[in-house]
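Engineer: Can you read through this structure? Questions will come right after.
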Protein chains: 2
Amino acid sequence: MANDLLNVKVLRINLSTGEIKREKIDLELVRLYLGGRGLASKILYDEIDPAIDPLSPENKLIFANGLLTGTSVPTGGRYMVVTKGPLTGTIASSNSGGFFGAELRKAGWSMVIVEGKAEKPVYISIKDDDVQIKDANHLWGKTTDITTDELIEEFGDKRARVACIGPAGENLVKFAAIMNDKSRAAGRTGVGAVMGSKNLKAIVVRGSENINVMDKAAFMEAVKSKVDIIRKNPITGEGLPKLGTKVLDSIINQSGLYPTKNFQFGTFEYTEEVNGEALVNKGYLVDNKACYACPIGCGRDVVLPNGRKGEGPEYESGWAFGADCGVEDLIAVSDANFMCNELGLDTISAGGTIAAAMEMYERGYLPKEDLGNGPELRFGSSESLLYYLKKIAYREGIGDKLAEGSYRFCQAYGHSELSMSVKKQEMPAYDPRGAQGHGLEYATSNRGGCHVRGYMISPEVLGVPEKLDPQSLEGKAGWVKIFQDLTAVIDSAGLCLFSSFALSADDYTELINAGTGFNFTTDDVLKIGERIWNLERKFNLEAGISPEEDKLPNRFKEPLPDGAQKGSFSHVEELLPKYYEARGWNSDGTIPEEKLKELKIA
Amino acid sequence: MANDLLNVKVLRINLSTGEIKREKIDLELVRLYLGGRGLASKILYDEIDPAIDPLSPENKLIFANGLLTGTSVPTGGRYMVVTKGPLTGTIASSNSGGFFGAELRKAGWSMVIVEGKAEKPVYISIKDDDVQIKDANHLWGKTTDITTDELIEEFGDKRARVACIGPAGENLVKFAAIMNDKSRAAGRTGVGAVMGSKNLKAIVVRGSENINVMDKAAFMEAVKSKVDIIRKNPITGEGLPKLGTKVLDSIINQSGLYPTKNFQFGTFEYTEEVNGEALVNKGYLVDNKACYACPIGCGRDVVLPNGRKGEGPEYESGWAFGADCGVEDLIAVSDANFMCNELGLDTISAGGTIAAAMEMYERGYLPKEDLGNGPELRFGSSESLLYYLKKIAYREGIGDKLAEGSYRFCQAYGHSELSMSVKKQEMPAYDPRGAQGHGLEYATSNRGGCHVRGYMISPEVLGVPEKLDPQSLEGKAGWVKIFQDLTAVIDSAGLCLFSSFALSADDYTELINAGTGFNFTTDDVLKIGERIWNLERKFNLEAGISPEEDKLPNRFKEPLPDGAQKGSFSHVEELLPKYYEARGWNSDGTIPEEKLKELKIA
């Protein structure tokens, strides 16, 4: 039986010329980068000049499945969008679940590389080997939910899956998302804007292949044992299924690092009105929802009292529109999430940008007349969420400025210090003063402010795999390095990061070997992660992202004014040299040649 | 040519027996009561014992067109629902526009008298003379918008019109409305609950007749001249078309009688966020909407940023969910209005009940545990609007108590003084301390707290037909009497009360005479109004509504704490004896025999 996992096939579609090529990836590259984020980053790095304008036709947009995506490996439904991101200027790798990736894999494709720019709006239709570029004029301007419904209707097979952009991507909003299966997002770093810049509205795909692995029996054995581990784990077996990611609201608030009102505070007075428990108890949650091959099912199927439906809010989204904007209205918070899905906006950056604008407004830096006739941007204004989200997606009025993200927005008014971002990307729902390792992770993430490049909240707050003192600096640089490298592996293998609450590096190694027949040790696998990390770093350095950008906003030099960690401030400047050292980098944050050689990058 | 206006035909439908009778009204009754509210009240008074339980099968539910409804008379699209109301225990006459009434008239019917109670849910189908009682099991439980769509589909003629109840009426919410044309409401006094108590889900109607008037040319001449007057009037020709009834928000707020936070204050800090101008300037208003034969078009077609659509909010609805609940979120306020339309709830009583519950909660009279898991009922909680509206309509949790209206709700907790109601019906959007005549009108309205039984705001605040000092008591009793009597005429003729901003009593007399061939003087017509008023009063007295109920909540004995009329308090106790005197009533508020004889009631 053929081992499909080593038969990595790529569709290369040039929208400028209309050319469609079918290629196969060299096995050596698979060994070095696995797939997904790693492999696509390697291709992007090799094929584009990192210094290009991310919204130019020279940029490429790669939809990349992980090595194991589409198999029965638990949580194995992930695909990644890799490109140069317009929000950060860094390499972007935006990860999503749902069913689109697995469907693409079943159509035979591990990767779709989109090049150039179509003259007019188009979409890509993939039915196994039948691949076509089709006119999308009738879909342009439509929201992602309607686009998805209409494309599936047009495709003529209800089992087809769609990834698409909404109005935000079309209008090149710097934090536009690519949405698949309506409510799953490759959300961060503005990958949707790159798609929009190429006049590519959507990819619709339907596949009919089975995916053969090396040794089916052995693979299923490994899968079964990992599913068991996941089901028995208190977080993945109980907490996430019951409350979704919003299990975190109360935990993080009680731990004093729940960023409130644009990170001015570390606790939110009204957490109980908007937390995961409230979503259940108020009766808004109607069902759990699981992605492809997922035994966890953290997705939330929600119906609001006004009949508005959708998936979410996740912890990050709920926080971004809730505590970060000071809003206690869980209906408005949830609806803001739905709107982001429909319009194709990243929730974290959208909420963070509105929160920053609220602080700007309250401090008098943003004049009322600039709001047009919009609601006053006061913290707590539930109306502002829905109002300005729409303005952003359509770049109307002040929405045009907000669509640039909080950093450029605040900078335009002379107050970039109020943008709670790293490398111009808005930070997620953990105040870095409350978890020193996590703060270091923000500062060094290769795609800017981000929690899913090395989730140090896990040891520093949740105690997984062991409890670390969040304020201690001891060993944190090494922890961050390992977490970053392991995350690169998980992403590139095509599993969900949430699996790592239960699974260890050894488990991932076992799954990869069982599927492919490779004989990696865990150290080999972590080395792959390190390779990916360094490759991304190299891209960024060549893109002109200086190591001086490995930093946090100045606000975090001030002590937390409230909560369980009152008085704490960020020690990221102390940690950074240790991190560079742990990484084997030069003290100025650049990568020495020998490290590149060691990792077989140079 | 026949004069259809004098050929007043009635459908009498007994839901207990299934019997359908066709009757004709004696012309003398038309001369005495015109039609609509007047004529239906006379029939109700003659046919039921005023002391019955309003939700028993003994109550009757009368859908009554005005005398001129369905003709080309400007704003002539009104019908009324007359019954004994479950909220107040008084005679109820709830007035609605749209197209349903005119369609019923074109089907040949001036009135539908519904008696008894169906065993199972039914609806009434009327196609000219083809009248049927049909099964409505498949519609029971559905919202009014869906019910309307499905019934029109089932009826097989897109031009059909529907009046129906939503879940609130089915669940006997004491302030359930009857909705027609989806977003027009016979809203007040709980007529929807009476419909629900009879297991009557809807009436669908389609008519094909033309309505012949006495002298078509003369009638058209009169119509044309009145349309001209309406078009040239600054309120009906400009203010209402431009901003709808929400033109009033800023005017009433600046005048200091904009009730805020359950009538604790007379001004709302955030009026500019929720007023008529904001609805336009924020871009939520997409179009004006006019009822049948209306040259004003005050209806608001609104689309919110989240895609929710509907008609409204009107001034009263916007205020009830806005200032009265302290909510500044115009999206939530509008959506609450849409939800009331869908669920079939009266907006004024719904908002007033939630506002009262908010004050109860903030004062500590309503324990948190009684909220179940619902949002905290703080003033300003936008989430509470949508959350508790749904709970009320379905009588879930505390919604079951709230569904009884603010008076019974507050009384159940021992604090009836916090219900801002008259005769158990919630007062509308004018603090009676800011307009003494209007306060007297509230206290004496035959259907409890209500602004459309004698809209004294017109002279006391708007200066129409002339400006009166709102704090002066001089002559106010007489003004209220005339306004109440004239309003009864306008309702019974089938015109919209808004026409009275432009038209005078003489104008209405001219229209009535032109249509019918009657030779009424204006005094004759006002005497008809007085007759109707006294008949309603007689009903209420016999229903056990004591004249002691002609009063306002004690709050209005305290001075207004803010705004343009700070320090003012209600002088209704001084005005009441003068009003009784102006009415020719006994000093105890009962009606002397000679007055009844003079009015040909007894």
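What follows draws every value from the coordinates through simple rules; no lab data is involved. In this text the structure is predicted, and so the values were computed from the model without any measurement. Methodologically, a virtual Cβ is constructed for each residue, glycine included, from the backbone with ideal geometry; neighbour enumeration extends over all protein chains shown.
Engineer: Within 10 Å of each Cβ of B:303-311, how many other protein chain Cβ atoms are there on average?
Structural biologist: 5
Engineer: With Cβ to Cβ distances under 12 Å as the rule, what net charge do the other residues near B:G478 carry (K, R +1; D, E -1)?
Structural biologist: Net charge in that neighbourhood comes out at +1.
Engineer: A further question follows. Would you mind calculating the relative contact order of chain A from Cα pairs under 8 angstrom and at least 6 residues apart, reporting the percent as a whole number?
Structural biologist: The value is 16 percent.
Engineer: Along segment B:44-60, what does the Karplus equation 6.51 cos²θ - 1.76 cosθ + 1.60 (θ = phi - 60°) give for ³J(HN,Hα), rounded to whole Hz, x for Gly and Pro?
Structural biologist: Rounded to whole hertz, the list is 4, 4, 6, 9, 10, 7, x, 8, 5, 6, x, 9, 8, x, 5, 5, 10.
Engineer: Mind ranking A:2-10, A:138-146 by how tightly packed they are, going by the mean number of other C-beta atoms within 10 angstrom, highest first?
Structural biologist: Order by mean packing, descending: A:138-146, A:2-10.
Engineer: Could you pull out the GluC sites (Glu not before Pro) across segment B:447-547 that fall in loop regions by DSSP (anything but H, G, I, E, B) with no more than 15 other Cβ atoms inside 10 Å?
Structural biologist: In loop regions of segment B:447-547 (DSSP not H, G, I, E or B), the sparsely surrounded GluC sites (Glu not before Pro) are B:E466, B:E474.
Engineer: Determine the percent antiparallel among the DSSP beta bridges restricted to segment A:4-206, to the nearest 5.
Structural biologist: 75
Engineer: With the contact rule set at Cα under 8 Å and sequence spacing of 6 or more, what percent relative contact order holds for segment A:4-206?
Structural biologist: It rounds to 22 percent for segment A:4-206.
Engineer: While we're on this one: Compute the distance from the alpha-carbon center of segment A:1-38 to that of segment A:265-299, in whole Å.
Structural biologist: When both Cα centres are located, 37 Å separates them.
Engineer: Here is a follow-up. In nm to one decimal, list the spacings between the B:D370 label point and its equivalents in the other copies, with label points set 7 Å along Cα to Cβ, shortest first.
Structural biologist: 4.7
Engineer: At a Förster radius of 45 Å, what calculated FRET efficiency corresponds to the Cβ-Cβ distance of A:D523 and A:D562, to the nearest 0.05?
Structural biologist: In this case the efficiency is close to 0.55.
Engineer: Further question: Near the amide H of B:L345, under 5 Å away, which other amide H atoms are found, from residues 5 or more places off or on another chain, if H is placed in the peptide plane?
Structural biologist: B:A177
Engineer: Let me ask another. Using a 10 Å cut-off on Cβ to Cβ distances, tally the other chain neighbours for every residue of B:328-334 and report the average as a whole number.
Structural biologist: Per residue, the average neighbour count from other chains is 6.
Engineer: Sticking with this one: State to the nearest 20 debye the size of the charge dipole of chain A about its Cα centre, where the only charges are +1 on K and R beta carbons and -1 on D and E beta carbons.
Structural biologist: The dipole magnitude comes to about 820 debye.
Engineer: Before anything else, pin down the relative contact order of segment A:134-284: Cα pairs under 8 Å, at least 6 apart, normalised by residue count, whole percent.
Structural biologist: This gives 14 percent for segment A:134-284.
Engineer: Could you tell me which of the pairs B:K106/B:K216; A:K42/A:K600; A:K309/B:K368; A:K24/A:K174; B:K120/B:K201; B:K182/B:K289 are separated by over 22 angstrom between their Cα atoms in the structure shown?
Structural biologist: Correct reply: A:K309/B:K368; A:K24/A:K174.
Engineer: Hey, another quick one. How far apart, in nm, are the 7 Å Cα→Cβ label points at B:N7 and B:D469?
Structural biologist: According to this spin-label approximation, the distance is 5.6 nm.
Engineer: Apply the Karplus parameterisation 6.51 cos²θ - 1.76 cosθ + 1.60, with θ equal to phi minus 60°, to every residue of segment A:358-368 and state each ³J(HN,Hα) to the nearest whole Hz, in sequence, with x for glycine and proline.
Structural biologist: 5, 5, 4, 5, 5, 7, x, 7, 10, x, 4
Engineer: Less than 11 Å Cβ to Cβ from A:L418, Lys/Arg counted +1 and Asp/Glu -1: what total charge do the surrounding residues give?
Structural biologist: That works out to -1.
Engineer: Calculate one ³J(HN,Hα) per residue across segment B:186-197 by plugging θ = phi - 60° into the Karplus curve 6.51 cos²θ - 1.76 cosθ + 1.60, and present them in order as whole Hz with x for glycine and proline.
Structural biologist: Once rounded to whole Hz, the list reads 7, x, 8, 6, x, 4, x, 5, 4, 4, x, 5.
Engineer: Now a separate question. Of all GluC sites (Glu not before Pro) in segment B:269-368, which ones are in loop regions per DSSP and have a Cβ with at most 15 other Cβ atoms within 10 Å?
Structural biologist: Passing sites in segment B:269-368 are B:E269.
Engineer: In deg cm²/dmol and to the nearest 500, what is the mean residue ellipticity at 222 nm of the protein assembly as shown if only DSSP H runs of at least 4 residues count, each as -39500 (n - 2.57), divided by the residue total?
Structural biologist: -11000 deg cm²/dmol
Engineer: Let me ask something else about it. Which distances in nm, rounded to one decimal and ordered from shortest, link the label point of A:D49 to the equivalent label points in the other identical copies, with labels set 7 Å from Cα toward Cβ?
Structural biologist: Copy-to-copy label distances for A:D49: 9.6 nm.
Engineer: Less than 9 Å Cβ to Cβ from A:A514, Lys/Arg counted +1 and Asp/Glu -1: what total charge do the surrounding residues give?
Structural biologist: -3
Engineer: Where the centre of each part is set by its Cα atoms, how far does segment B:383-450 sit from segment A:194-242, in angstrom?
Structural biologist: So the separation of the two Cα centres works out to 54 Å.
Engineer: Between the label point of A:K600 and that of the same position in each other copy, find the distances and list them shortest first in nm, with every label point placed 7 Å from Cα along the Cα-to-C-beta direction.
Structural biologist: 10.7
Engineer: Around A:L67, which amide H atoms from residues at least 5 apart in sequence, or from another chain, sit under 5 Å from its own amide H, with H modelled in the peptide plane?
Structural biologist: Correct list: A:G35, A:G36, A:A493, A:G494.
Engineer: Could you give the semi-axes, largest first, of the ellipsoid that matches chain A, computed as the square roots of 5 times the alpha carbon gyration tensor eigenvalues and rounded to whole Å?
Structural biologist: 32, 28, 24
Engineer: Okay, moving on. Given H placed on each backbone N at 1.01 Å, which residues far from A:F265 in sequence or on other chains put an amide H within less than 5 Å of it?
Structural biologist: Counting only residues 5 or more places away or on other chains, the set is A:T260.
Engineer: Still on this model: What's the extension gain from B:D370 to B:R31 if we count 0.36 nm per residue and subtract their Cα-Cα distance?
Structural biologist: Extra length available between B:D370 and B:R31 comes to 116.7 nm.
Engineer: Please compute, for peptide A:376-387, the average count of beta-carbon atoms on other protein chains lying within 10 Å of each residue's beta-carbon.
Structural biologist: Rounded to a whole number, the mean comes out at 5.
Engineer: Scan chain B for the residue whose Cβ is closest to the axis carrying it onto chain A, then write down that distance in whole angstrom.
Structural biologist: Per the B/A rotation axis, the closest residue of B reads B:S382, 2.
Engineer: Ok, one more. In whole angstrom, how far apart do the alpha carbon centroids of segment A:570-602 and segment A:41-117 sit?
Structural biologist: With segment A:570-602 and segment A:41-117 each reduced to a Cα centre, they are spaced 26 Å.
Engineer: Further question: Loop-only check: which trypsin sites (Lys or Arg not before Pro) in segment B:466-518 are DSSP coil with at most 15 other Cβ within 10 angstrom?
Structural biologist: Passing sites in segment B:466-518 are B:K467.
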